[in-house]
Amino acid sequence: MAENDKTHVAMTAGGAYSLATLGAKDVINGAWPIVLDAIERIPDRPGSAFTFSDMGTADAGTSLEMIGDAIAAIRQRFPERDVQIVYTDQPRNDYNVIFQMLHGLTGQASYLDRFENIQVMASATSFYNRILPANTLDLGFSATAMHWLSRKPCDIPDHVHAVGATGTSLKEFQLQAAKDWEIILLHRAVELAPGGRLVLVNFGVDDEGRYLGNTGGINMFDTFDAIWRGFVKDNMISEAEYAAMTLPQYYKSVDEFCAPLEDPTSTVKQAGLSVEHCESRVVRCPFAAEFQSHGDAARFASEYIPTLRSWSEATFSAGLHKSRLDVERDEIIDNFYDTYESMVCAAPEGHGMDYVHVYLTIAKES
Ligand SMILES: C[S@@+](CC[C@H](N)C(=O)[O-])C[C@H]1O[C@@H](n2cnc3c(N)ncnc32)[C@H](O)[C@@H]1O
């Protein structure tokens, strides 16, 4: 794989991810009625463990409460069956913190204190590969993860994100995203037991054209882009570094999510998957919402920027030329987020990262 194609995806480690991303937890908790509905529809498989996977879990903190509620519902529905929770993410993820959190070493309440005999395990296999044995998955869950592509199809010459791409680069991202979505679904089709369900909560573009950080106020990705372009203009980074900062992400529309699940000739449909529920939702940026009541711009800026940094820093840092010393790299990256923080502090109105997600329940035929 060429250096340019690699995706540099890493959330901040040591449990900092879930602390910085309170909004992601709101998104997951909001999915609870959909998860419960899926649990109620999944057929019994007496004698086998009920397997629940949380794909792209990061430090597992944001899904902890929802999975506790899911276990209660699964236990009530299938009291005789073992319950197995499989946390999955990429090889570079911090898995220690998942187990520390679950086993009470971080001071957070864990569902393992509430229930006996829950088998918890983790896999560092990407969701672009097969994670579980065939026909063993009852309920696959994933939140805010599958917008990360398996590879960056190209550098976008004039923006840092596909939401600002046009022409050939937009086409390349659309093609890559469609291919990746098909791969994700085909692997899950094999893993799912007959009648099993997927509840996938992914960043997307809604029917009004809204997406993460673009819901009517100041566009977050345009702000990222403007700051980096300013750094190019001031000779702090090169044009090539700016181009290499393209985030390997794509936000699908509702139609793009549903296309392979609805087309009777698609490989996904033929593998037995279909859409059972689909809706898009906007979840308000918690930091911007709090700012409306406390009114302290400096506090808002200092609380808000870490959430952006938690998922964008790895890609931006990897875009800087490899000849740069670590100290120089850190300085540029700090400067970037400090610049964004100063902008928010000076003129806070309109800033915020509202979440726009497409919530899907997908069923495998029985
Ligand atoms: C924004 S975090 C979401 C974490 C959590 N699910 C939540 O909603 O708060 C995205 C996670 O997806 C993971 N991820 C990205 N690409 C992945 C892949 N190909 N396979 C598994 N996990 C992946 C990242 O490592 C990261 O932990």
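Filtering segment 73-90 for residues that are within 16 Å of the ligand (Cβ to nearest atom), surrounded by fewer than 19 Cβ atoms within 10 Å (Cβ to Cβ), farther than 26 Å from E40 by Cβ and at pLDDT below 95 leaves an empty set.
Of everything in segment 185-203, what is under 16 Å from A134 (Cβ atoms) and under 20 Å from the mean Cα position of the chain (by Cα)? Give them in sequence order. Give the derivation first.
If we filter segment 185-203 for residues that are under 16 Å from A134 (Cβ atoms), which is where we start, we get 185-196, 198.
Matches in segment 185-203: L185, L186, H187, R188, L198.
Just one of (1) part of a loop (DSSP other than H, G, I, E, B); (2) at pLDDT below 95; (3) buried (at least 19 other Cβ atoms within 10 Å of the Cβ) fails for T57. It is (2).
Screening the candidates A226, A244, A177, A240 for the property of being out of contact with any helix residue (DSSP H, G or I) (no Cβ under 6 Å at 6 or more places or on another chain), crowded, with 19+ Cβ neighbours inside 10 Å and either at pLDDT 95 or above or within 30 Å of L137 (Cα to Cα) (or both) yields one hit, A177.
Identify, from the list A189, A162, A177, the residue that is in contact with a Leu (Cβ under 6 Å, 6 or more places away or on another chain) and over 23 Å from P33 (Cβ atoms).
Numbers: A162 fails: in contact with a Leu (Cβ under 6 Å, 6 or more places away or on another chain); A177 fails: in contact with a Leu (Cβ under 6 Å, 6 or more places away or on another chain).
A189 is the lone residue from the list that is in contact with a Leu (Cβ under 6 Å, 6 or more places away or on another chain) and over 23 Å from P33 (Cβ atoms).
Taken together, R114, R92, R81, R75 contain a single residue that is basic (K, R) and touching a residue at least 60 places away in the same chain (Cβ under 8 Å), which is R92.
Restricting to segment 138-169, name every residue that is in contact with a helix residue (DSSP H, G or I) (Cβ under 7 Å, 6 or more places away or on another chain), more than 16 Å from the ligand (Cβ to nearest atom) and part of a helix (DSSP H, G or I). Scanning segment 138-169 gives V163, G164.
Scanning segment 121-154 for residues that are over 27 Å from G61 (Cα atoms) and crowded, with 16+ Cβ neighbours inside 10 Å yields K152, P153, C154. Condition check: within 19 Å of A347 (Cα to Cα), surrounded by 17 or more Cβ atoms within 10 Å (Cβ to Cβ) and in contact with a helix residue (DSSP H, G or I) (Cβ under 8 Å, 6 or more places away or on another chain). Does I305 satisfy that? So I305 passes the test.
The C-beta contact set for segment 15-27 (first residue at pLDDT below 80, second residue within 9 Å of the ligand (Cβ to nearest atom) and not in a helix (DSSP H, G or I), distance under 6 angstrom, 6+ apart or interchain) comprises G15/D59; Y17/M11; Y17/A58; Y17/D59; S18/D59; S18/G61; S18/T62.
On the given criteria, is V160 buried (at least 21 other Cβ atoms within 10 Å of the Cβ) and either under 22 Å from A143 (Cβ atoms) or within 17 Å of the chain's Cα centre (by Cα) (or both)? No.
Across segment 32-62, the qualifying residues are those that are hydrophobic (A, V, I, L, M, F, W, C) and within 14 Å of the chain's Cα centre (by Cα), and the one among them that is nearest to the ligand (Cβ to nearest atom) is A58.
The values are calculated or read from the model by the stated rules, or taken from the named source; none is laboratory data. This is a predicted model, so every value here is computed, not measured. In this analysis, Cβ positions are derived from the backbone assuming ideal geometry, glycine residues included, and neighbour counts consider all displayed protein chains.
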